[in-house]
Every structure is written in structure tokens, then in C-alpha cells.
1. Quick one: which of 178, 284 is within 16 Å of the ligand (Cβ to nearest atom) and either assigned by TED's automatic domain parsing to the domain that holds residue 301 or without any contact (Cβ under 8 Å) to a residue 12 or more places away in the chain (or both)?
2. Taking the options 404, 424, 391, name whichever one is touching a strand residue (DSSP E or B) at 6+ places or on another chain (Cβ under 6 Å), at negative phi, surrounded by 13 or more Cβ atoms within 10 Å (Cβ to Cβ) and assigned to a helix (DSSP H, G or I).
3. I'm trying to understand the selection: among the residues of the stretch 67-123, which are crowded, with 19+ Cβ neighbours inside 10 Å and without any contact (Cβ under 8 Å) to a residue 12 or more places away in the chain?
4. Any idea which residue in the stretch 363-388 is surrounded by the most Cβ atoms within 10 Å (Cβ to Cβ), counting only those that are assigned to a loop (DSSP other than H, G, I, E, B) and touching a helix residue (DSSP H, G or I) at 6+ places or on another chain (Cβ under 8 Å)?
5. If you scan the stretch 157-178, which residues turn out to be under 28 Å from residue 73 (Cβ atoms) and surrounded by 20 or more Cβ atoms within 10 Å (Cβ to Cβ)?
6. Can you pull out the helices (runs of 4 or more DSSP H) entirely within the stretch 62-175 that have at least 3 residues that are at pLDDT 95 or above and touching a helix residue (DSSP H, G or I) at 6+ places or on another chain (Cβ under 8 Å)?
7. Could you tell me whether residue 354 is outside the structural domain of residue 134 (by TED's automatic domain parsing), away from the ligand (no atom under 16 Å from the Cβ) and surrounded by 20 or more Cβ atoms within 10 Å (Cβ to Cβ)?
8. Any idea which of (1) in a loop (DSSP other than H, G, I, E, B); (2) more than 22 Å from residue 137 (Cα to Cα) is the one residue 51 doesn't satisfy?
Ligand code: AMP
């Protein structure tokens, strides 16, 4: 007889590296964050837009920059049977700009204010606050001019969202990185400064010197820190328009009493930024919760008319992380609910209809009708922390009544089904 083959234990399949499920127990907090983002943006007249998760690769190489890390190292390429060069979107702004042009959204007026929420994908080394799949909430103001009132409004909305979520001590770092008139001069100065000091910078920065010198300023490597301190500062070299724009933006923030730190090293990773760039932090965060800035040439660079714009992206995983870190507690959403316990077949048959009646009267009902015994249904009611239980047995089903039980005091009362919704509401309002 052949030896019985040893059964290999199958390893359960895991989610891909750096990608996470959002489990049911975290949906409440996710919902709260999403609702805060939406409510506040909609108050400021932003309209929702949704774009596909896949885009043509060239959308990002033309906007984020051929030499940006996003394009060179972090793209998730998708092989299609038709050999289209598609990628999973690494960020939302370029997609929104593409859609704005494609659908002639300038017809909506000026400014066009849009928001989008959804997953983004970057092939990064996963670490704290950095994943391969993460969610951003994007806000974009696309306007016919580059009015700094919108740079300030974007920052204000970002902070109001954090305030609604009770996040403590948010702070703004801000800089201006100029425009196509003044930035090339600054770029030259920066290259001249670093050229003779190549042996004092990291290997990545040696490359950046050739491809994207501004990014030398936000290198985090130890070896590069000293030199950065004496590097030329861009705000000293802004042209008149950029200087005025920056000054106006800061004055709007002053007027709103929004404190900010001027960070001369802040340049951000995407090539499309012009003038204002900013990042937002909060107490206890070692990472930015989000960031943004102005992108006056992006729309033109992908075939649209000259249309200045400003926006930001809020990292939702990071916002949730900070809510946990700051130990922020919200009032539980489901405290005004009842738990229905049905005992016996006749009651169980009528229980779905009873739930419908309660739903029509806006009473939230939990149940575990698949369990037969009273005790196991009571256990479920305790787990849900429902303040009231409705006990619906054979006798009650026959008499068209329900017992209301106060879960704390244990007090019970029998109420006719016709009056049950009002009786529940009255009791819940007295808790
Ligand atoms: P960016 O699109 O690079 O300007 O990033 C804006 C915000 O998105 C960051 O401040 C983070 O909050 C979030 N974010 C960017 N990349 C990641 C990532 N790999 N994992 C988690 N959040 C991210």
C-alpha cells in the first residue's frame, strides 16, 4: 500500500504587503472621519467627484514629474490585455485635473471646488504611517486666477476638519516655491551651492542634484542636514508676483488667527507645485497628516487652458492614527437602540414585520434572531450594550404586545404593538 501522503497545512492567504482591510469594528471611526471631511467641504461649496482608480501612466509622469519618486519608484503598473499603459493612481489631483479638462468642468463657473475620497497606491517600503494602499481626501479649488484667498481657505478647511474630529494642536508648516519665472534662477543657485560639496551629501541627493535639485532640501539623511542649513533660501529669491502672493496668503492666515511655521526646507515631492506649499501636523505625530499647495501649470501641462489651482490631500490612515494616539473618544453612535429578543416560532415569524414597523418609526433595532434560546439572545443584547430589550414570546405574539425591559434596572412592562415605537422613544429620551 502506498504510504498515505502527509497533508500539507495550507497557509491562509494574506492581504498584499502594505495593504490593509478596514474591519467592521473600525468602520465607525472611518465613517466619522469621512463625514467630517465631507460635511465641512460641502459647507464651503465643494462638490464630490469620483474618478477611476486606474489612469494612463503618462498622466502622472507629465504632472508629478518624470524624475519624481512617485513615477520612478512607486508606481503600480497594470498589464492590460490591450497593452494599455495603466497604473493604479498614486494621488488624486492629476486625476481631478484630467477630469476637469475632459468634461469641460470650467462650465460650472469659477472657482470649481471639488473633493474626492478614495484609495491611492504607492509602491513604498511599508512603515509606520506609510502603506502601499492608503486613503486620501482631496480638496481642489480650480479657478481662473491664482487668488491667495483660496490657498488660505484650503488650509482653513483642513484645520476645521481636524477640529471637528477633536484632534489637538494641529500646526501648519508653509513655504513658497515660486513660479516658472523665479524658480529656475533659484534652482541654478542651489545647484551652484551644492556642486562643489557633492562629497558631503548622500547618494540619493547626488542624483537629485542632476534631476530634481529642490528635493535636496527635504532630504532626511543625517549626512545632508548640516549643508541644508546654509543652502540658499527660496523665499529670498521669489519674483514680485510670488512674493506678493505669499505675503497675501500669510495675511489671510493671520486674519483667521491660524498659526504657521515658515519652513524654508518644505518643497514637497510632486513636481507640479508652484507658489504655496504646506503640510499639516498634530500633537504626537511624527508624520504630516496631509499637505498640499498651488499647482498653477498642471492643467495646462496636460492639455487644458491656463488654469491656476490650489488643493490638498489629507491622509485618512494618518488622521485615524492620530485620533488613536491622542486617545480621542467620541460619543458612541448606537446608544439609542433596542435589542429584539424573539422566543418561539410564532414570535420569530412575526419579528421581521415588527422590525419593519420600528424602522418606519426611526427606531434602530439590533437582533440575533438566528439564536433560539433566550439566554444566548440576552448575551448578544448585553454585548451590544443596548439600553432596552424587547422581549417577544409566544404569548406576546398571540396578544399583539411586546415586553420592554430596561437593561440597567431590569424593570419590565408589557406594551401593545401599536404603541411600542412611542413607548421606546419615550424611554430612550429619559435615559
Ligand atoms: P502627498 O500626496 O504625497 O502630498 O501626500 C499627502 C498625504 O497623504 C500625506 O501627508 C499622508 O497623510 C498621505 N500619504 C501619502 N503617502 C502615504 C502612504 N504611503 N501611506 C499612508 N499615507 C500616505
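1. 284
2. So the residue among 404, 424, 391 that is touching a strand residue (DSSP E or B) at 6+ places or on another chain (Cβ under 6 Å), at negative phi, surrounded by 13 or more Cβ atoms within 10 Å (Cβ to Cβ) and assigned to a helix (DSSP H, G or I) is 424.
3. Correct list: 71 only.
4. Restricting to residues being assigned to a loop (DSSP other than H, G, I, E, B) and touching a helix residue (DSSP H, G or I) at 6+ places or on another chain (Cβ under 8 Å), the top hit is 363.
5. Listed by number, the residues that qualify are 158, 174, 175, 176, 177, 178.
6. 93-102, 148-164
7. Here the answer is yes, as residue 354 does meet what is asked.
8. Status for residue 51: all satisfied but (2).
The values are calculated or read from the model by the stated rules, or taken from the named source; none is laboratory data. None of these values were measured; they are calculated from a predicted model. For neighbour counting, all protein chains shown are included, and Cβ atoms are generated from backbone atoms with ideal geometry for every residue, glycine included.
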